[in-house]
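*Asks:* Let me give you the structure first, and then I'll get to my questions.
The values are calculated or read from the model by the stated rules, or taken from the named source; none is laboratory data. A quick note: this is a predicted structure, and the numbers were derived from the prediction, not measured. In this analysis, Cβ positions are derived from the backbone assuming ideal geometry, glycine residues included, and neighbour counts consider all displayed protein chains.
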Ligand SMILES: [Zn+2]
């Protein structure tokens with residue numbers, strides 16, 4: 001067995017060639033030059049801040065640094081990690097913290113800081129970002145460089161098939177700047193406000209949620225409206241729910257759902273409208289393969305209040321729980337949530353509401369079922385949104401000690417999606433560590449990783465998703481199981497890794513077989529997950545995905561390219577030889593000694609010679625004729641003359657069979673009692689026959 005290694009220079013050449021092609025076609029400059037000089041892969045420059053599952057299943061956020069010099073790379077990783085962890089503390093990122101992966105990509109700027117448009121200071125930075133007021137813009141080729149990095153991440157670093165959801169650029173300045181250009185790019189800096197990532201959270205939510213600023217005059221997103229008509233406003237199905245109403249945004253003619261939201265004032269929780277839209281976008285099928293099917297707002301129980309004018313924290317006074325239940329006496333009591341369908345399939349949901357006394361007697365009970373339309377048009381979330389509600393009219397006789405029980409149930413699965421306790425549920429943190437099991441038995445932290453913190457509802461089960469890391473395969477976890485019950489406020493889990501070999505392991509064995517009329521192919525063995533493509537010529541393109549089969553004898557060679565996600569491609573060749581089938585034969589005479597003239601019978605016995613192959617028999621004495629009598633059977637008439645005859649059978653062979661030869665001898669002794677000589681006596685047949 002031969003263990004095929006790289007052909008020196010070939011893979012390197014192929015990578016360089018593909019990079020040149022990529023950048024010459026799309027980007028007219030080399031990206032990642034600083035990193036690629038030291039390391040052919042992006043591994044050295046990408047740092048996993050938070051990886052809980054496969055990149056294809058999770059929403060991938062990439063943080064890049066601007067204005068960090070080579071000496072400031074550690075600082076960049078600290079800044080990026082602190083801000084990313086800050087982001088995940090905010091709902092709805094918190095709820096989806098197991099469905100988000102965050103990476104930091106290190107880029108080296110020649111000078112520190114960030115430029116100011118029309119300003120005197122314009123340091124030589126990697127992306128040439130310039131601030132104008134509070135907003136940040138790429139200058140020169142900065143945007144193309146960022147997009148090239150994204151392309152490289154998607155093609156080589158992330159798990160196969162994954163797409164980058166959004167890119168956030170942290171500018172290394174203490175200036176209070178930050179903005180979002182579009183869904184792909186947002187910016188923040190190292191200002192005091194952004195120490196815990198609040199500015200990043202706000203700006204990245206513009207990009208991820210396409211949300212507007214609730215303090216601004218600009219119309220953008222699901223959280224900004226140009227009408228205050230409660231029937232026409234974008235969030236009309238959410239009015240009166242958890243502080244969602246109608247209030248002025250940056251001007252009297254532009255409206256927002258509330259006065260308190262991260263999209264209005266940093267450091268505040270997102271309003272329900274923003275949370276819902278962020279949740280929908282974090283589950284966009286274009287970016288995540290395992291999307292949630294429905295988003296359910298934390299339900300609430302309330303007494304009557306204005307549906308348009310009960311803004312944000314004003315709603316607290318109308319909320320009813322078991323501690324203030326008597327406040328509801330004489331009033332309608334509503335259990336309500338709002339749901340957003342995220343998939344293109346109907347949802348059948350049931351809402352149930354029950355009040356029981358301390359003795360378990362049911363005082364009130366009501367339920368409703370709803371069919372939530374599918375999200376068939378991505379740009380019309382309202383059509384796939386529904387307010388779910390049951391109201392108990394004018395409840396009476398409620399006393400302290402009564403129990404409230406409201407549930408939102410998926411009718412198709414029977415699963416409880418949320419209940420009246422969800423809003424106040426306790427959250428636990430699961431800290432995930434990534435440890436490398438070295439060949440010498442020691443354990444070290446997997447390079448370029450930070451522990452991830454996932455938020456999980458206390459007393460629920462957490463599925464351990466065992467994500468692979470770039471260049472490392474997950475081989476187990478500290479719990480030795482696929483799921484852990486979260487019962488503590490803080491729990492830890494360690495995933496164990498082994499380093500992948502640098503290139504896919506390919507083993508080839510030269511194949512040598514004998515022609516047998518059946519197809520044969522090469523022997524190339526690969527490990528799981530390796531994809532091989534083939535070329536019939538040494539410097540050809542690897543366009544064939546199936547190994548070719550050959551039947552005819554000959555020598556064959558194939559060139560292959562083995563690829564695996566996160567690996568350097570391996571090149572090699574394999575050989576197949578189909579040898580000609582060997583043949584042989586025996587030629588025998590019925591009688592090898594004959595007296596007098598007569599005929600002799602010759603019989604041929606073939607070995608390995610195709611039946612349809614014609615075989616000639618000749619005699620070394622001229623004038624002797626051979627008559628073929630059936631298959632492989634001849635008659636020779638010999639004269640009455642003492643002589644030895646050699647008969648030879650010959651098969652010339654062909655492309656698939658070797659040739660062969662055989663001979664036999666017949667000795668004739670003259671019989672002087674016979675009259676005449678020559679070729680007489682053809683009718684007698686018997687060599688001993690004769691007339692006396
Ligand atoms: Zn909002």
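*Asks:* What's the number of the only condition in (1) surrounded by 15 or more Cβ atoms within 10 Å (Cβ to Cβ); (2) modelled with pLDDT under 90 that residue 645 fails to meet?
*Replies:* Just one mismatch for residue 645, condition (2).
*Asks:* Taking residue 215 as the residue in question, decide whether it is farther than 30 Å from residue 332 by Cα, touching a residue at least 40 places away in the same chain (Cβ under 8 Å) and away from the ligand (no atom under 12 Å from the Cβ).
*Replies:* Numbers: farther than 30 Å from residue 332 by Cα: yes; touching a residue at least 40 places away in the same chain (Cβ under 8 Å): yes; away from the ligand (no atom under 12 Å from the Cβ): no.
So residue 215 fails the test.
*Asks:* Can you go through 240, 245 and tell me which one is outside the structural domain of residue 351 (by TED's automatic domain parsing), under 24 Å from residue 350 (Cα atoms), out of contact with any helix residue (DSSP H, G or I) (no Cβ under 7 Å at 6 or more places or on another chain) and in a loop (DSSP other than H, G, I, E, B)?
*Replies:* 240
*Asks:* Still on this structure, please answer the following. Here are some conditions: (1) more than 16 Å from the ligand (Cβ to nearest atom); (2) modelled with pLDDT under 95; (3) under 30 Å from residue 389 (Cα atoms). Residue 161 meets all but one. Which one does it not meet?
*Replies:* (3)
*Asks:* May I pose another question? Suppose the filter is farther than 30 Å from residue 292 by Cβ and in a helix (DSSP H, G or I); does residue 144 pass it?
*Replies:* yes
*Asks:* Inspect all residues belonging to region 195-205 and state whether any of them is on the phi > 0 side of the Ramachandran plot, away from the ligand (no atom under 14 Å from the Cβ) and surrounded by 20 or more Cβ atoms within 10 Å (Cβ to Cβ).
*Replies:* Checking region 195-205: at least one residue is on the phi > 0 side of the Ramachandran plot, away from the ligand (no atom under 14 Å from the Cβ) and surrounded by 20 or more Cβ atoms within 10 Å (Cβ to Cβ).
*Asks:* Let me confirm something: among 301, 320, which residue is out of contact with any helix residue (DSSP H, G or I) (no Cβ under 6 Å at 6 or more places or on another chain), at pLDDT 95 or above and more than 16 Å from the ligand (Cβ to nearest atom)?
*Replies:* Details: 320 fails: out of contact with any helix residue (DSSP H, G or I) (no Cβ under 6 Å at 6 or more places or on another chain).
Among 301, 320, only 301 is out of contact with any helix residue (DSSP H, G or I) (no Cβ under 6 Å at 6 or more places or on another chain), at pLDDT 95 or above and more than 16 Å from the ligand (Cβ to nearest atom).
*Asks:* Suppose we filter region 606-628 for residues that are surrounded by fewer than 13 Cβ atoms within 10 Å (Cβ to Cβ) and more than 26 Å from residue 670 (Cβ to Cβ); how many remain?
*Replies:* Going through region 606-628 one residue at a time, the tally reaches 5.
*Asks:* So which residues in region 232-270 are touching a residue at least 60 places away in the same chain (Cβ under 8 Å), surrounded by fewer than 23 Cβ atoms within 10 Å (Cβ to Cβ) and within 10 Å of the ligand (Cβ to nearest atom)?
*Replies:* Once the filter is applied, which keeps residues that are touching a residue at least 60 places away in the same chain (Cβ under 8 Å), surrounded by fewer than 23 Cβ atoms within 10 Å (Cβ to Cβ) and within 10 Å of the ligand (Cβ to nearest atom), region 232-270 yields 262, 269.
*Asks:* What number of residues within region 248-294 are outside any loop (DSSP other than H, G, I, E, B) and farther than 12 Å from residue 342 by Cα?
*Replies:* Of the residues in that region, 7 qualify.
*Asks:* Further, regarding this structure: Can you work out which of the residues in region 271-294 that are touching a helix residue (DSSP H, G or I) at 6+ places or on another chain (Cβ under 7 Å) and touching a residue at least 60 places away in the same chain (Cβ under 8 Å) is farthest from the ligand (Cβ to nearest atom)?
*Replies:* 282
*Asks:* Please determine, by comparing only the residues of region 216-227 that are crowded, with 16+ Cβ neighbours inside 10 Å and over 38 Å from the mean Cα position of the chain (by Cα), which one is farthest from residue 308 (Cα to Cα).
*Replies:* Out of the qualifying residues, it is 216.
*Asks:* Just checking, which of 454, 399 is in the same structural domain as residue 337 (by TED's automatic domain parsing) and either buried (at least 16 other Cβ atoms within 10 Å of the Cβ) or in contact (Cβ under 8 Å) with a residue 12 or more places away in the chain (or both)? Can you show your working first?
*Replies:* On the way: 454 fails: in the same structural domain as residue 337 (by TED's automatic domain parsing).
The unique qualifying residue is 399.
*Asks:* Looking for something farther than 30 Å from residue 289 by Cβ, part of a loop (DSSP other than H, G, I, E, B) and in contact (Cβ under 8 Å) with a residue 24 or more places away in the chain - is there at least one such residue anywhere in region 360-383?
*Replies:* Checked against the condition, which is being farther than 30 Å from residue 289 by Cβ, part of a loop (DSSP other than H, G, I, E, B) and in contact (Cβ under 8 Å) with a residue 24 or more places away in the chain, region 360-383 yields no hits at all.
*Asks:* Only residues that are touching a strand residue (DSSP E or B) at 6+ places or on another chain (Cβ under 9 Å) and assigned to a loop (DSSP other than H, G, I, E, B): list them for region 311-333, please.
*Replies:* 311, 320, 321, 322, 332 - these are the residues of region 311-333 that are touching a strand residue (DSSP E or B) at 6+ places or on another chain (Cβ under 9 Å) and assigned to a loop (DSSP other than H, G, I, E, B).
*Asks:* In the set 500, 485, 539, which member is in contact with a strand residue (DSSP E or B) (Cβ under 9 Å, 6 or more places away or on another chain) and modelled with pLDDT of 95 or more?
*Replies:* The match here is 485.
*Asks:* Restricting attention to region 220-231, which residues are more than 10 Å from the ligand (Cβ to nearest atom) and either in the same structural domain as residue 183 (by TED's automatic domain parsing) or touching a strand residue (DSSP E or B) at 6+ places or on another chain (Cβ under 8 Å) (or both)?
*Replies:* 225, 226, 227, 228
*Asks:* Show me the strands (runs of 3 or more DSSP E) entirely contained within region 405-498 in which 3 or more residues are within 28 Å of residue 341 (Cβ to Cβ).
*Replies:* In region 405-498, the matching strands (runs of 3 or more DSSP E) lie at 416-419, 452-457, 460-463.
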